[in-house]
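The values are calculated or read from the model by the stated rules, or taken from the named source; none is laboratory data. Owing to the predicted nature of the structure, the values given are computational and were not obtained by experimental measurement. Glycine gets a Cβ as well: all are built from the backbone with ideal geometry, and neighbour counts include every protein chain shown.
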Amino acid sequence: MADVLVLEGIRKSFNIGTSVETEVLHGIDLRVRAGEFVAIIGPSGSGKSTLLNIIGLLDRPTSGNLFITGLDVSDLSDAALTGLRGHAIGFVFQHHYLISAFTAGENVMMPMLVDRGRPSPAMERRADELLSLVGLTKWRNNKATNMSGGQQQRVAIARALAMKPALVLADEPTGNLDTASAEAVFALMRSINRDQATSFVIVTHNLSLAQRCDRIVQVVDGQIASG
Ligand SMILES: Nc1ncnc2c1ncn2[C@@H]1O[C@H](COP(=O)(O)OP(=O)(O)OP(=O)(O)O)[C@@H](O)[C@H]1O
């Protein structure tokens with residue numbers, strides 16, 4: 001199967017203060033195949049979120065090559081990166097970042113509205129389809145604030161899928177949830193992965209969930225220690 005994501009020799013340094021430069025990622029090589037579900041684990045401060053931000057085109061590497069769905073993104077402008085991010089990648093974070101004044105349906109429509117500017121019946125239908133997929137059809141017109149943490153995270157997953165991304169990135173998606181809700185959210189992501197062949201890369205501290213992914217990539221001190 002084709003690779004949805006290829007990283008070659010990715011390095012990332014941050015400037016701390018005016019002169020001190022610290023390298024946080026020391027040459028990461030990673031491939032994720034289309035339809036693969038990968039867990040990234042590692043100690044706090046090892047560079048997992050930095051890596052996910054680079055994969056998600058939210059930050060640029062200091063050096064190295066990054067290919068998303070076969071496209072070399074190294075020389076793309078910021079505007080082109082934003083466009084690619086909007087279409088190829090869906091994001092789920094530890095905090096759901098739903099807009100609390102909006103309904104579940106409106107939150108799911110947001111990426112489509114940002115892309116196309118104005119609402120349409122097709123967008124409404126897509127939102128309905130996605131809310132059904134995450135088991136929240138009845139909650140379509142409820143404000144996000146009136147939903148449980150697990151339900152809010154399921155809305156966030158529906159929103160992440162709105163643009164039919166090839167790859168979903170999730171940073172501690174179950175970190176704020178109780179055990180039962182974490183299980184439900186993980187099972188939902190896994191079933192979407194299986195049914196729709198969407199690739200997932202999730203950062204998690206939850207080892208029992210990580211063990212149920214296709215592959216575990218362990219990051220230690222800015223390098224891949226295994227996986
Ligand atoms: N914008 C930044 N400027 C300077 N240093 C940064 C920046 N972002 C991250 N770092 C540093 O990079 C290192 C890796 O941080 P990162 O957040 O990627 O780790 P992590 O593995 O995701 O940790 P955690 O599991 O605690 O979320 C840390 O030492 C952090 O202080």
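If you scan the range 89-131, which residues turn out to be surrounded by 13 or more Cβ atoms within 10 Å (Cβ to Cβ), of a type outside the set (A, V, I, L, M) and under 21 Å from residue 195 (Cα atoms)?
Answer for the range 89-131, where residues must be surrounded by 13 or more Cβ atoms within 10 Å (Cβ to Cβ), of a type outside the set (A, V, I, L, M) and under 21 Å from residue 195 (Cα atoms): 90, 91, 126, 128, 129.
Let me confirm something: among 216, 202, 224, which residue is touching a residue at least 60 places away in the same chain (Cβ under 8 Å), under 17 Å from residue 48 (Cα atoms) and surrounded by fewer than 19 Cβ atoms within 10 Å (Cβ to Cβ)? Give the steps one after another, and end with the answer.
Values: 202 fails: surrounded by fewer than 19 Cβ atoms within 10 Å (Cβ to Cβ); 224 fails: surrounded by fewer than 19 Cβ atoms within 10 Å (Cβ to Cβ).
Just a single option satisfies the conditions, and that option is 216.
Tell me, yes or no, whether the range 74-81 has at least one residue that is over 17 Å from the mean Cα position of the chain (by Cα) and surrounded by 15 or more Cβ atoms within 10 Å (Cβ to Cβ).
To start, the set of residues in the range 74-81 that are over 17 Å from the mean Cα position of the chain (by Cα) comprises 74-80.
From what's left, surrounded by 15 or more Cβ atoms within 10 Å (Cβ to Cβ): 76.
Yes: the range 74-81 contains one or more residues that are over 17 Å from the mean Cα position of the chain (by Cα) and surrounded by 15 or more Cβ atoms within 10 Å (Cβ to Cβ).
Residue 84 versus (1) within 16 Å of the ligand (Cβ to nearest atom); (2) part of a helix (DSSP H, G or I): which is the lone unmet condition?
(1)
Scan the range 105-115 and tell me whether some residue there is at pLDDT 90 or above, farther than 27 Å from residue 4 by Cα and either over 17 Å from the mean Cα position of the chain (by Cα) or in a helix (DSSP H, G or I) (or both).
Yes, because at least one residue in the range 105-115 is at pLDDT 90 or above, farther than 27 Å from residue 4 by Cα and either over 17 Å from the mean Cα position of the chain (by Cα) or in a helix (DSSP H, G or I) (or both).
Restricting to the range 166-191, name every residue that is surrounded by fewer than 22 Cβ atoms within 10 Å (Cβ to Cβ), touching a strand residue (DSSP E or B) at 6+ places or on another chain (Cβ under 8 Å) and part of a helix (DSSP H, G or I).
If the condition is that a residue be surrounded by fewer than 22 Cβ atoms within 10 Å (Cβ to Cβ), touching a strand residue (DSSP E or B) at 6+ places or on another chain (Cβ under 8 Å) and part of a helix (DSSP H, G or I), then 190 is the only one that fits.
Suppose we filter the range 180-226 for residues that are within 16 Å of the ligand (Cβ to nearest atom) and of a type in the set (D, E, K, R); how many remain?
Filtering the range 180-226 down to residues within 16 Å of the ligand (Cβ to nearest atom) leaves 201-207, 209-210, 216-226.
From what is left, the residues that are of a type in the set (D, E, K, R) are 221.
Residues in the range 180-226 being within 16 Å of the ligand (Cβ to nearest atom) and of a type in the set (D, E, K, R): 1 in total.
Restrict the check to the range 71-79 and report whether at least one residue is under 17 Å from residue 199 (Cβ atoms), of a type in the set (A, V, I, L, M) and not in a strand (DSSP E or B).
Taking the range 71-79 as the starting set, the residues that turn out to be under 17 Å from residue 199 (Cβ atoms) are 71, 73.
Of the ones still in play, those that are also of a type in the set (A, V, I, L, M) are 71, 73.
This time we only want the ones that are not in a strand (DSSP E or B), so: 73.
Yes: the range 71-79 contains one or more residues that are under 17 Å from residue 199 (Cβ atoms), of a type in the set (A, V, I, L, M) and not in a strand (DSSP E or B).
Is it the case that the range 67-78 has a residue that's within 16 Å of the ligand (Cβ to nearest atom), at pLDDT below 95 and touching a strand residue (DSSP E or B) at 6+ places or on another chain (Cβ under 7 Å)? Steps first, answer last, please.
Residues of the range 67-78 that are within 16 Å of the ligand (Cβ to nearest atom), as a first pass: none.
No, the range 67-78 contains no residue that is within 16 Å of the ligand (Cβ to nearest atom), at pLDDT below 95 and touching a strand residue (DSSP E or B) at 6+ places or on another chain (Cβ under 7 Å).
At pLDDT 90 or above and part of a loop (DSSP other than H, G, I, E, B): does that describe residue 141? Let's see the steps before the verdict.
On the way: at pLDDT 90 or above: yes; part of a loop (DSSP other than H, G, I, E, B): yes.
Yes: the conditions hold for residue 141.
Where residues in the range 18-62 are charged (D, E, K, R) and either outside any loop (DSSP other than H, G, I, E, B) or over 28 Å from residue 191 (Cα atoms) (or both), which of them is nearest to the ligand (Cβ to nearest atom)? Can you show your working first?
Let us first name the residues in the range 18-62 that are charged (D, E, K, R), namely 21, 23, 29, 31, 33, 36, 48, 59-60.
Imposing the further condition that a residue be either outside any loop (DSSP other than H, G, I, E, B) or over 28 Å from residue 191 (Cα atoms) (or both) reduces the set to 21, 23, 29, 31, 33, 48, 59-60.
Values: 21: 10, 23: 9, 29: 17, 31: 20, 33: 24, 48: 4, 59: 8, 60: 12 Å.
Of everything passing the filter in the range 18-62, 48 is nearest to the ligand (Cβ to nearest atom).
Search the range 144-165 for residues being touching a helix residue (DSSP H, G or I) at 6+ places or on another chain (Cβ under 7 Å), assigned to a helix (DSSP H, G or I) and without any contact (Cβ under 8 Å) to a residue 60 or more places away in the chain, and hand back the single one that is surrounded by the fewest Cβ atoms within 10 Å (Cβ to Cβ).
So the residue we want is 149.
Cβ-Cβ under 8 Å, sequence separation 6+ or interchain: first residue in the range 86-100 and within 16 Å of residue 73 (Cβ to Cβ), partner in a loop (DSSP other than H, G, I, E, B) and of a type in the set (A, V, I, L, M). Which pairs?
Taking only residues 6 or more apart or on different chains, the pairs are 86/163; 87/163; 88/166; 89/57; 89/166.
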